[in-house]
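These notes are about the structure you will find just below.
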Amino acid sequence: MVCQCNCNYESKKITRRGFLWSAAALLAAAAGSTAMATIRFLFPNTLNEPTKMCKIGFPGDYTPGTDERFLKDFGVFIIREEERIYAISAVCTHLGCTVRWLKENNQFNCPCHGSKFYQDGVNFAGPAPRSLDRVKITLADDGQILLDKSQTFVYDIAKGKDEWQNEGAYLEV
């Protein structure tokens, strides 16, 4: 068959079977790439979870009060009292929002639903069902404070659970 413009172009005749095979190949390629993208989405190659254990300095580095230095990287507040140091998780026990320290009120507040906690982590207002968790805190071999976020301690008056007195819930100084 010759083109109408007289350029001697010979076109191939597309059969119904050829068209169906081409369409099937195109659909298979689209399905395969969609499946690969879904698998890649479900199993990313990065993990943005903070480390579970970290050293945060020596006990003498802390003055009485609330220290917010490790909030962004580790999600904890360090509380120094006269005779002890402990680490409070910044995760609200209501729905998991990050609580904020309000120095002027000397309390933690949850910006999501209004729960309020004293400096020691005990809840006194809002929908949070229990106090903030404490994170395991010990001394490392080199004398630095070691946080272990894989272990937390719960204080829940309603259920009669007080783990804040357990070993690792605080550090005597």
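The values are calculated or read from the model by the stated rules, or taken from the named source; none is laboratory data. In this text, all values refer to a predicted model and were calculated from it rather than measured experimentally. Here the Cβ is made from the backbone with ideal geometry for all residues, glycine too, and neighbour counts use every protein chain on show. The area values use the complete protein model at the heavy-atom level, side chains included, leaving out ligands, DNA and RNA. Shrake-Rupley method; radii C 1.70, N 1.55, O 1.52, S 1.80 Å.
Cβ contacts < 9 Å: first residue more than 20 Å from F58 (Cβ to Cβ) and hydrophobic (A, V, I, L, M, F, W, C), restricted to the stretch 130-150; second residue part of a loop (DSSP other than H, G, I, E, B) and open to solvent by less than 50 Å² (accessible area, probe 1.4 Å), any location; separation 6+ or different chain. Result?
L132/A90; L132/C92; L132/T93; L132/V99; L132/G121; L132/V122
Among the residues of the stretch 14-30, is any on the phi > 0 side of the Ramachandran plot and of a type in the set (G, A, S)? So that I can check it myself, show each step before the final result.
From the stretch 14-30, those on the phi > 0 side of the Ramachandran plot are none; that's our starting set.
Within the stretch 14-30 (the criterion being on the phi > 0 side of the Ramachandran plot and of a type in the set (G, A, S)), the answer is no, since none of the residues qualifies.
Hey, D148 hits all of (1) open to solvent by 40 Å² or more (accessible area, probe 1.4 Å); (2) assigned to a strand (DSSP E or B) but one; which does it fall short on?
(1)
From (1) under 18 Å from D142 (Cβ atoms); (2) free of Cβ contacts under 8 Å to residues at least 60 places away in the same chain; (3) open to solvent by 90 Å² or more (accessible area, probe 1.4 Å), pick out the condition that doesn't hold for F58.
Of everything listed in (1) under 18 Å from D142 (Cβ atoms); (2) free of Cβ contacts under 8 Å to residues at least 60 places away in the same chain; (3) open to solvent by 90 Å² or more (accessible area, probe 1.4 Å), F58 misses just condition (2).
Can you confirm whether P111 is part of a loop (DSSP other than H, G, I, E, B), farther than 20 Å from F74 by Cβ and not aromatic (F, W, Y)?
On the way: part of a loop (DSSP other than H, G, I, E, B): yes; farther than 20 Å from F74 by Cβ: no; not aromatic (F, W, Y): yes.
Against the criterion (part of a loop (DSSP other than H, G, I, E, B), farther than 20 Å from F74 by Cβ and not aromatic (F, W, Y)), P111 does not qualify.
If only one of K161, K136 is touching a strand residue (DSSP E or B) at 6+ places or on another chain (Cβ under 8 Å), more than 18 Å from T66 (Cβ to Cβ) and surrounded by 17 or more Cβ atoms within 10 Å (Cβ to Cβ), which one is it?
Values: K161 fails: surrounded by 17 or more Cβ atoms within 10 Å (Cβ to Cβ).
It is K136.
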